[in-house]
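Enquirer: I am attaching a structure below and will ask some questions about it afterwards.
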Amino acid sequence: MSDVTGSSAGPSRPRSALLLGLGLVLFAILLGLGTWQVERLHWKEGLVETIDRRTHAAPLPLADVEKEFAASHDVDYTPVTATGTFLHQGERHFFSTWEGDTGFNVYTPLRLDDGRFVLVNRGFVPYDLKDPAKRQQGEVAGKVTVTGLARNPLPGKPSMMLPDNDVAKNIFYWKDRDVMASTAGLPAGAVLVPFFIDADKTPNPGGLPVGGVTIIDVPNNHLQYAVTWYGLAAALAAVLVLRLRRTAKEG
């Protein structure tokens, strides 16, 4: 009888030790995930603070924002002014929605006084007014000064879920700055400012495009995620402690 009991207790101890080891590994992983989310929380809070500070600052001349971009490659949401002449025939249309309506953000090359160009998001037009001929009043001629927010170029397609840009139909689902510029009919050798400008709410003649469509939405759920991971780690720790106590009693 004693031999049978001994043979069953023997293999249970290595099995308990294995489960305990796996539990400790999982506990360390959960703690690591929680700590990573805390680090992401601090980063996101800093980003939100930077965006808030930038959007409430006075607009800077384009040359100053260009210097900052050359130094840091980050001028997102920096207020900026630029003066030049629109090349309306080069409009590029970015599929978008605004206040529940489907349509396009109109990106138009602005020829600067020094001959370079910057792509300006002039704002939103409804889907059935994509054709500039239907909103000619808004195709302002002559020299204009645009005030808005600088926007960083995208390094690439932001998500595989997005459709590919339909260049032939002039419909862009993501802001491929280089392709937008190369298909806008700019003169050979044209030099492009390395970021976009989102125009502000200053009304355009005829009301279109509707400016000021920049959406500043920076989700920050990292605290919730950190609490979740740390909570799971705490629950696992409680289970491991109970298991250790039970093993000690059985020993």
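Enquirer: Is it fair to say residue 140 is within 18 Å of residue 211 (Cβ to Cβ), in a strand (DSSP E or B), hydrophobic (A, V, I, L, M, F, W, C) and open to solvent by less than 60 Å² (accessible area, probe 1.4 Å)? Talk me through it step by step, then tell me what you get.
Expert: Details: within 18 Å of residue 211 (Cβ to Cβ): yes; in a strand (DSSP E or B): no; hydrophobic (A, V, I, L, M, F, W, C): yes; open to solvent by less than 60 Å² (accessible area, probe 1.4 Å): yes.
When the stated conditions are applied, residue 140 does not pass them.
Enquirer: State all residues of the stretch 90-136 that are touching a residue at least 40 places away in the same chain (Cβ under 8 Å), open to solvent by 10 Å² or more (accessible area, probe 1.4 Å), within 22 Å of residue 153 (Cα to Cα) and not in a strand (DSSP E or B); if no residue qualifies, say none.
Expert: Of everything in the stretch 90-136, those that are touching a residue at least 40 places away in the same chain (Cβ under 8 Å), open to solvent by 10 Å² or more (accessible area, probe 1.4 Å), within 22 Å of residue 153 (Cα to Cα) and not in a strand (DSSP E or B) turn out to be 115, 116.
Enquirer: Looking only at the stretch 145-171, count how many residues are surrounded by 15 or more Cβ atoms within 10 Å (Cβ to Cβ) and hydrophobic (A, V, I, L, M, F, W, C).
Expert: Counting residues in the stretch 145-171 that are surrounded by 15 or more Cβ atoms within 10 Å (Cβ to Cβ) and hydrophobic (A, V, I, L, M, F, W, C) gives 4.
Enquirer: Test residue 75 against the criterion of being among the aliphatic types (A, V, I, L, M) and surrounded by 15 or more Cβ atoms within 10 Å (Cβ to Cβ), and give yes or no.
Expert: Details: among the aliphatic types (A, V, I, L, M): yes; surrounded by 15 or more Cβ atoms within 10 Å (Cβ to Cβ): yes.
Yes.
Enquirer: How many residues, within the stretch 174-194, are under 22 Å from the mean Cα position of the chain (by Cα), of a type outside the set (A, V, I, L, M) and more than 20 Å from residue 104 (Cβ to Cβ)?
Expert: Residues of the stretch 174-194 under 22 Å from the mean Cα position of the chain (by Cα): 174-181, 193-194.
Applying the additional criterion that residues be of a type outside the set (A, V, I, L, M) yields 174-178, 194.
Next cut, more than 20 Å from residue 104 (Cβ to Cβ) only: 194.
Summing the residues that are under 22 Å from the mean Cα position of the chain (by Cα), of a type outside the set (A, V, I, L, M) and more than 20 Å from residue 104 (Cβ to Cβ) in the stretch 174-194 gives 1.
Enquirer: Also: Can we say residue 12 is outside the structural domain of residue 151 (by the TED database) and either assigned to a strand (DSSP E or B) or modelled with pLDDT under 90 (or both)? If you could, list the steps in order and put the result at the bottom.
Expert: Details: outside the structural domain of residue 151 (by the TED database): yes; either assigned to a strand (DSSP E or B) or modelled with pLDDT under 90 (or both): yes.
In short, yes.
Enquirer: Any residue at all in the stretch 196-208 that's at pLDDT 85 or above and farther than 23 Å from residue 83 by Cα? Spell out the reasoning first.
Expert: If we filter the stretch 196-208 for residues that are at pLDDT 85 or above, which is where we start, we get 196-208.
In the following step, the residues that additionally are farther than 23 Å from residue 83 by Cα were identified as none.
No, the stretch 196-208 contains no residue that is at pLDDT 85 or above and farther than 23 Å from residue 83 by Cα.
The values are calculated or read from the model by the stated rules, or taken from the named source; none is laboratory data. From a predicted model like this one, the values you see are computed outputs, not experimental measurements. For neighbour counting, all protein chains shown are included, and Cβ atoms are generated from backbone atoms with ideal geometry for every residue, glycine included. Surface areas here come from the heavy atoms of the whole protein model, side chains and all, with no ligands, DNA or RNA. Shrake-Rupley method; radii C 1.70, N 1.55, O 1.52, S 1.80 Å.
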